[in-house]
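Read through the structure below, which is laid out as structure tokens, and then see the notes.
The values are calculated or read from the model by the stated rules, or taken from the named source; none is laboratory data. Please read these numbers as outputs of a predicted model, since none were measured by experiment. Cβ placement follows ideal geometry from the backbone for every residue including glycine, while neighbour counts extend to all protein chains displayed. These accessible areas exclude ligands, DNA and RNA; they are computed on the full protein's heavy atoms, side chains included. Shrake-Rupley method; radii C 1.70, N 1.55, O 1.52, S 1.80 Å.
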Amino acid sequence: MCGMMASYRILSTLANGQARRNLFGPVDREQLQVEYQAALRKDLEEASQRWGFDFISDKPLESSDFQWEGVPGTRVPLLYRTCMLGQAEGQRAPGTAAVIPKRGRVELPQSDKENIPRTPERCVLNMENWEKTPERRESAGVKRKQTNITDFYQAKRRVVGMPRKSGE
Amino acid sequence: MELLCLEMDTIIRARPDPNLLCDDRVLQSLLTIEERFLPQYSYFKGVQKDIQPFMRRMVATWMLEVCEEQKCEEEVFPLAMNYLDRFLAVVPTKKCNLQLLGAVCMFLASKLKETRPLTAEKLCIYTDNSIRPQELLEWELVVLGKLKWNLAAVTPNDFIEHIVRRLPLPEDKLALIRKHVQTFIALCATDFSFAMYPPSMIATGSVGAAICGLQLDSADQSQWGDNLTDLLAKITNTEVDVLKECQEQIERVLVSSLREGRQQQQQQQQTQRGPSGKGLDELDQSSTPTDVRDVNL
């Protein structure tokens, strides 16, 4: 990984001035991780309360101001389907240099590329729970009162559903 | 390496858009919404137990230096400080995590405002590797949640053009005035006493301080009519007394930070003469925060 070393060296020299410094001493990594997990859990709890939905077990809460209704994954706009990013990345072997002519720019190998911010892997699992709409058709007996966001996409459904090959 | 150097130069900026800058509705909208993005509490008097005001200044100074050294767009630093204050107003934070928070806020502000944002690796190096990129990315998510994903906060920088355009200023001085105003705004962001002020007031006070500092107001008294402060106050609907106080406060902060800067420089020069001082002089010159030293007083 000689390329990686080179770019690391450039970064180090860039940050070699007095600005590079640790302000408040060492960070307690374990404690930080504990606090991070707690913060995420708290966010999730707050979201559960707000939306009346248990995002972990994927079920609506008993005491909810909302009426939840399952919608099949295929009816959800492409944007809201899970792990589009992950799939696209998985297709490319890690470390392979990819050239994207459309942008007129040579992409660095994945490992070398300065981080394109990604959701940390541990969170991806959570995100899946967040974004998956439950497919429980049998509960559709409940009369719908609320406008569903997918209502606005029905006319375009087929277009959106088509695999987008161009440019990708 | 050459490729990287070339890439550094291709920063793409939009040209000033007259549709945005010449329409009074834009300024009015900015004034209407700006308060939504202010931190809700003076957090040192309640939420924060471990963090002291001087620590905020330490992390702010560090953030400013990083932004300067990385040649970030001017609004990145004030925006990052807005995120920091809004987070600290709601989340009790430990001293040892404050630099991580500062790095996360720069990371977010840079991504929102720049075509070539700061990277997580770079920011971690600036913390002297006391944090890891993975931790930065994890806490990015936490901070985003606490900010309710409201990142497009109004900053004092958003008002500069709107104010400057409404003043009778000599064309040839505009660039210099802007530079000074930006410096004052950055200075305000490092000082907690400005954290709860509306951005428009900081911008207006900074423009006033810049014009007075450059002594443009005394050069031709007649063109200002009665008073520069009155005119400025009218532009952003600020009360004259409040604005005057704000401008004076900015000038006081400038004086004290100039004094501090001079002391620090002397200290650094002394330490540089120590064992491995070679080559550091150059870096010192280029990374001195802001152009404060050039401001005429």
Worksheet item: Do the conditions hold for residue A:15, that is, is it at pLDDT 85 or above, surrounded by 14 or more Cβ atoms within 10 Å (Cβ to Cβ) and either away from every other protein chain (no Cβ under 14 Å) or within 30 Å of residue B:57 (Cβ to Cβ) (or both)?
Response: no
Worksheet item: From the residues in the range B:109-137 that are more than 9 Å from every other protein chain (Cβ to nearest Cβ) and out of contact with any helix residue (DSSP H, G or I) (no Cβ under 6 Å at 6 or more places or on another chain), which one is surrounded by the fewest Cβ atoms within 10 Å (Cβ to Cβ)?
Response: B:115
Worksheet item: facing chain A (nearest Cβ under 9 Å) and either in contact (Cβ under 8 Å) with a residue 40 or more places away in the chain or under 30 Å from residue B:16 (Cβ atoms) (or both): does that describe residue B:69?
Response: yes
Fill in: Residue list for the range A:24-46, filter: in a loop (DSSP other than H, G, I, E, B) and open to solvent by less than 30 Å² (accessible area, probe 1.4 Å)
A:24, A:25, A:27
